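Inspection log for the structure reproduced underneath, given as structure tokens.
The values are calculated or read from the model by the stated rules, or taken from the named source; none is laboratory data. Source: prediction; values computed, not measured. Reconstructed Cβ throughout: ideal geometry from the backbone, glycine too, with neighbour counts over all protein chains shown.
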Amino acid sequence: MSALPPAITETLQQFHITPEEAAVAFTVKLVQEKILAYTKEASAFEERYRTTLEEFTKRLQTRSHSENFQESDDRNDWQFAVESCHYYEQRLQEISAIAQTRIQA
């Protein structure tokens, strides 16, 4: 990794923040933004179909004789949003735990 430009290191020093702390804080912010984006996407599907992903999936499975490709695509996108949200929530917990360990050290 290359050294940070003096303007950045000096600014971090003024705020009494190490580059590692800044990297952790920035990573937390990025992950929180991902969680928010995927949560909004999943909520939009819940509002559109007025149900949960689980119930929507069951409804599609029971209508196997007449497949609606738009609904199938939406279900896949919805599933991806939910799974991605869970993934990033787990990552946020891991990062927060790492940050807490480093603060206590």
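Taking the range 57-105 as the range and being closer than 16 Å to Ala37 by Cα and either touching a Pro at 6+ places or on another chain (Cβ under 8 Å) or hydrophobic (A, V, I, L, M, F, W, C) (or both) as the test, the residues that pass are Trp78, Phe80, Ala81, Val82, Cys85, Leu92.
Scanning the range 59-82 for residues that are free of Cβ contacts under 8 Å to residues at least 12 places away in the same chain and surrounded by fewer than 12 Cβ atoms within 10 Å (Cβ to Cβ) yields Gln61, Thr62, Arg63, Ser64, His65, Ser66, Glu67, Asn68, Phe69, Gln70, Asp73, Asn76. Selection of the range 44-88 for residues being assigned to a helix (DSSP H, G or I), over 25 Å from Val31 (Cβ atoms) and of a type in the set (S, T, N, Q) yields Thr57, Gln61, Thr62, Gln70, Ser72.
Does the range 84-99 contain any residue that is farther than 30 Å from Ile17 by Cβ and either of a type in the set (S, T, N, Q) or loosely packed, with under 13 Cβ neighbours inside 10 Å (or both)?
If we filter the range 84-99 for residues that are farther than 30 Å from Ile17 by Cβ, which is where we start, we get 86.
Next, from what is left, pick out any that are either of a type in the set (S, T, N, Q) or loosely packed, with under 13 Cβ neighbours inside 10 Å (or both): 86.
Checked against the condition, which is being farther than 30 Å from Ile17 by Cβ and either of a type in the set (S, T, N, Q) or loosely packed, with under 13 Cβ neighbours inside 10 Å (or both), the range 84-99 yields at least one hit.
For the subset of the range 1-40 comprising residues that are without any contact (Cβ under 8 Å) to a residue 12 or more places away in the chain and of a type in the set (Phe, Trp, Tyr), which member is surrounded by the most Cβ atoms within 10 Å (Cβ to Cβ)? The extreme case among them is Phe26. Across the range 1-38, the number of residues qualifying as in a helix (DSSP H, G or I), modelled with pLDDT under 95 and small (Gly, Ala, Ser) comes to 3. Among residues of the range 45-58 that are closer than 13 Å to Gln79 by Cβ and of a type in the set (Gly, Ala, Ser), none has a beta-carbon under 9 Å from a residue that is at pLDDT 95 or above and surrounded by 14 or more Cβ atoms within 10 Å (Cβ to Cβ) at least six positions away or on a different chain.
So how many residues does the range 70-98 have that are small (Gly, Ala, Ser) and over 18 Å from the mean Cα position of the chain (by Cα)? Before the answer, list the steps.
Start the filter on the range 70-98 by keeping residues that are small (Gly, Ala, Ser), which leaves 72, 81, 84, 96-97.
From what's left, over 18 Å from the mean Cα position of the chain (by Cα): 72.
Qualifying residue count, the range 70-98: 1.
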